[in-house]
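Scroll down for the structure; my scribbles are underneath it.
The values are calculated or read from the model by the stated rules, or taken from the named source; none is laboratory data. All values derive from a computational prediction rather than experimental measurement. Here the Cβ is made from the backbone with ideal geometry for all residues, glycine too, and neighbour counts use every protein chain on show.
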Amino acid sequence: MTFVTKLSLESGDRAVLEETVTEIKEFLARKGAECRGPFNDPPERLSVPQYRNLTPGDRFSAWNYSVYARRLEIHGNDHIARQIGHRDFPQSLHVEIEVEQRKPAGHRRS
């Protein structure tokens, strides 16, 4: 059985996101791991209302910002995926790690 480790990285700081993804890709290339991606999702535009005080209606202009996302898949190489999962990521980066177990084609349950 093969394990696929899926990394989802999100940040409002595009430079930090790109730098981190580049570091991960270079690390995987040095170790000889099979990696797919990075897959780029379109940036998500968010708008947050800001209030001057606690009474309704008295507002500042909304705070608008973008969230950028990248996805990577590491096929096999569980020990290398584990090393990436244990690394320290920048605080401005949100990282989700999902591990999926895939069975070979033609595999039958017994």
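At a glance:
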{"read-out": "Failed criterion for Leu46 (all others in (1) over 19 Å from Phe89 (Cα atoms); (2) at pLDDT below 90 hold)", "value": "(2)"}
{"read-out": "Complete set of residues in region 64-76 that are touching a residue at least 60 places away in the same chain (Cβ under 8 Å) and either surrounded by 17 or more Cβ atoms within 10 Å (Cβ to Cβ) or within 12 Å of the chain's Cα centre (by Cα) (or both)", "value": "Ala69, Arg70, Arg71, Leu72, Glu73, Ile74"}
{"read-out": "Selection count where residues are of a type in the set (A, V, I, L, M, F, W, C), out of contact with any Ser or Thr (no Cβ under 9 Å at 6 or more places or on another chain) and within 30 Å of Gln101 (Cα to Cα), scope region 28-76", "value": "5"}
{"read-out": "Conditions (1) within 25 Å of Gln83 (Cβ to Cβ); (2) at pLDDT below 90: number failed by Asp13", "value": "(2)"}
